[in-house]
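Asker: What follows is a structure written as C-alpha cells; I'll ask about it next.
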C-alpha cells in the first residue's frame, strides 16, 4: 500500500508536466494528432479516477504478464561461468506454453556453452524455461515456459500505434532486484530508420540493468517498448516496429 500511495503521488506530479514538452513538427496531420493527444493528457489521464483505474489495471492485470529471468551459463565441461538476471514479458500463448519476450544479450551464448533458464512470475513461483528463437539483429529473444493449469498468467498485446514524445509510460520489470517493480516516466525521444520504422525510444524512466527485458506499456496496457539499456539516467527501449518484426519472426514456422 505504501508503494502504491507513493506511486500515485509520483504519477500525479509527473503527469502535471506532460504538456510542457513540444515536438517541432509542422504537418497538418501531426498537429491534429498532437492536439488530440494533448486533450487526452489534460482531460482524461490527468484525472485522479483515471489514474486509479490505470494503476489498478497494472497491478491486477498487466503485471501478471511480467517475469524475472535468471540465466546460468555453463562451459563445455559443465562449469558455471556466469549468472545473468533480467526481465521479460509474456507476449504470446498457445495451448501448451507461455512465450516470453526479453533481450538478446540475456540468453546469447557461444557455440560451446550451454545455459539453463529459470523464470519467476509475479508471485515468485518458478518455471524451467527454454529458448525458442532469438535475433541478434533485432536484439530480442523469445523463451517459453510450460503452462500450469493451477497458475494463470497474463499476456500483453503489442500496441497498434507508435508512441509519441511526451507520452507517459510505465515500465514493469525486475529493476532494482524487485519482482514486478513499477516505474513511471515519459518518452523524450523516438528514433526511426530510413524506412520510417520506429527502432528505439528514450525515456525518463528510472531503471537499471536488471530491468533489461522489462516491458514499457502505454495507458492502454499495451506493449510499446522493451528496455535494453540504461545510460546517464535515461532508459532506452527497442521500438514498436522492432518488436512487431520479432513477433512475426518468432511465430514463423
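The values are calculated or read from the model by the stated rules, or taken from the named source; none is laboratory data. Not measured: the values here are computed from a predicted model. Don't worry about glycine lacking a Cβ; one is built from the backbone with ideal geometry, like all the others, and counts go over all protein chains shown.
Asker: Among the listed residues 191, 220, identify the single one that is surrounded by fewer than 20 Cβ atoms within 10 Å (Cβ to Cβ), in contact with a strand residue (DSSP E or B) (Cβ under 6 Å, 6 or more places away or on another chain) and assigned by TED's automatic domain parsing to the domain that holds residue 164. Before you say what the answer is, go through the steps one by one.
Answerer: Details: 220 fails: in contact with a strand residue (DSSP E or B) (Cβ under 6 Å, 6 or more places away or on another chain).
Of the residues listed, the single one that is surrounded by fewer than 20 Cβ atoms within 10 Å (Cβ to Cβ), in contact with a strand residue (DSSP E or B) (Cβ under 6 Å, 6 or more places away or on another chain) and assigned by TED's automatic domain parsing to the domain that holds residue 164 is 191.
Asker: If you don't mind, there's one more thing I want to ask. Any residue at all in the range 101-110 that's in contact with a helix residue (DSSP H, G or I) (Cβ under 7 Å, 6 or more places away or on another chain) and either touching a residue at least 24 places away in the same chain (Cβ under 8 Å) or crowded, with 16+ Cβ neighbours inside 10 Å (or both)? So that I can check it myself, show each step before the final result.
Answerer: If we filter the range 101-110 for residues that are in contact with a helix residue (DSSP H, G or I) (Cβ under 7 Å, 6 or more places away or on another chain), which is where we start, we get none.
Looking for residues that are in contact with a helix residue (DSSP H, G or I) (Cβ under 7 Å, 6 or more places away or on another chain) and either touching a residue at least 24 places away in the same chain (Cβ under 8 Å) or crowded, with 16+ Cβ neighbours inside 10 Å (or both), one finds none in the range 101-110, hence no.
Asker: Spot the failing condition for residue 144; the list is (1) touching a helix residue (DSSP H, G or I) at 6+ places or on another chain (Cβ under 8 Å); (2) part of a strand (DSSP E or B), and only one is missed.
Answerer: Failed condition: (1).
Asker: Just to be sure, is residue 124 surrounded by fewer than 23 Cβ atoms within 10 Å (Cβ to Cβ), on the phi > 0 side of the Ramachandran plot and part of a loop (DSSP other than H, G, I, E, B)? Working first, answer last.
Answerer: Numbers: surrounded by fewer than 23 Cβ atoms within 10 Å (Cβ to Cβ): yes; on the phi > 0 side of the Ramachandran plot: yes; part of a loop (DSSP other than H, G, I, E, B): yes.
When the stated conditions are applied, residue 124 passes them.
Asker: All but one of (1) under 13 Å from residue 91 (Cβ atoms); (2) assigned by TED's automatic domain parsing to the domain that holds residue 102; (3) not in a strand (DSSP E or B) hold for residue 244; state the number of the condition that does not hold.
Answerer: Of everything listed in (1) under 13 Å from residue 91 (Cβ atoms); (2) assigned by TED's automatic domain parsing to the domain that holds residue 102; (3) not in a strand (DSSP E or B), residue 244 misses just condition (2).
Asker: Which one of these is farther than 22 Å from residue 83 by Cβ and assigned by TED's automatic domain parsing to the domain that holds residue 94: 133, 125, 151?
Answerer: Of the residues listed, the single one that is farther than 22 Å from residue 83 by Cβ and assigned by TED's automatic domain parsing to the domain that holds residue 94 is 133.
Asker: Within the range 111-121, how many residues turn out to be modelled with pLDDT of 95 or more and either part of a loop (DSSP other than H, G, I, E, B) or under 27 Å from residue 58 (Cβ atoms) (or both)? Even if it seems obvious, please write down each step before you answer.
Answerer: From the range 111-121, those modelled with pLDDT of 95 or more are 113-121; that's our starting set.
Adding the requirement that they be either part of a loop (DSSP other than H, G, I, E, B) or under 27 Å from residue 58 (Cβ atoms) (or both) leaves 113, 117-121.
Number of matching residues: 6.
Asker: Would you call residue 78 part of a loop (DSSP other than H, G, I, E, B) and either more than 17 Å from residue 168 (Cβ to Cβ) or modelled with pLDDT of 50 or more (or both)? Outline the logic, then answer.
Answerer: Working: part of a loop (DSSP other than H, G, I, E, B): yes; either more than 17 Å from residue 168 (Cβ to Cβ) or modelled with pLDDT of 50 or more (or both): yes.
Judged against the criteria, residue 78 is a match.
Asker: Considering the range 200-216 alone, what residues qualify as being surrounded by fewer than 24 Cβ atoms within 10 Å (Cβ to Cβ), out of contact with any helix residue (DSSP H, G or I) (no Cβ under 8 Å at 6 or more places or on another chain) and under 11 Å from residue 228 (Cβ atoms)?
Answerer: Scanning the range 200-216 gives a single hit, 209.
Asker: Filter the range 223-241 down to the residues that are without any contact (Cβ under 8 Å) to a residue 40 or more places away in the chain and assigned to a strand (DSSP E or B), then identify the one that is surrounded by the fewest Cβ atoms within 10 Å (Cβ to Cβ).
Answerer: Filtering the range 223-241 for residues without any contact (Cβ under 8 Å) to a residue 40 or more places away in the chain gives 229-233, 236-237.
Next, only the ones that are assigned to a strand (DSSP E or B) stay: 229-231, 236-237.
On the way: 229: 18, 230: 18, 231: 8, 236: 20, 237: 30.
Out of the qualifying residues, it is 231.
Asker: Examine the range 72-81 for a residue that is touching a residue at least 60 places away in the same chain (Cβ under 8 Å) and surrounded by 14 or more Cβ atoms within 10 Å (Cβ to Cβ), and state whether such a residue exists.
Answerer: As a first pass, look at the range 72-81 and keep what is touching a residue at least 60 places away in the same chain (Cβ under 8 Å): none.
No, that holds for no residue.
Asker: Taking residue 230 as the residue in question, decide whether it is more than 12 Å from the chain's Cα centre (by Cα), at pLDDT 95 or above and not assigned by TED's automatic domain parsing to the domain that holds residue 133. Before you say what the answer is, go through the steps one by one.
Answerer: Numbers: more than 12 Å from the chain's Cα centre (by Cα): yes; at pLDDT 95 or above: yes; not assigned by TED's automatic domain parsing to the domain that holds residue 133: yes.
Yes.
Asker: Still on this structure: If you take the residues in the range 160-180 that are under 13 Å from residue 205 (Cα atoms) and touching a strand residue (DSSP E or B) at 6+ places or on another chain (Cβ under 6 Å), which one is surrounded by the most Cβ atoms within 10 Å (Cβ to Cβ)?
Answerer: Among residues in the range 160-180 that are under 13 Å from residue 205 (Cα atoms) and touching a strand residue (DSSP E or B) at 6+ places or on another chain (Cβ under 6 Å), the one surrounded by the most Cβ atoms within 10 Å (Cβ to Cβ) is 173.
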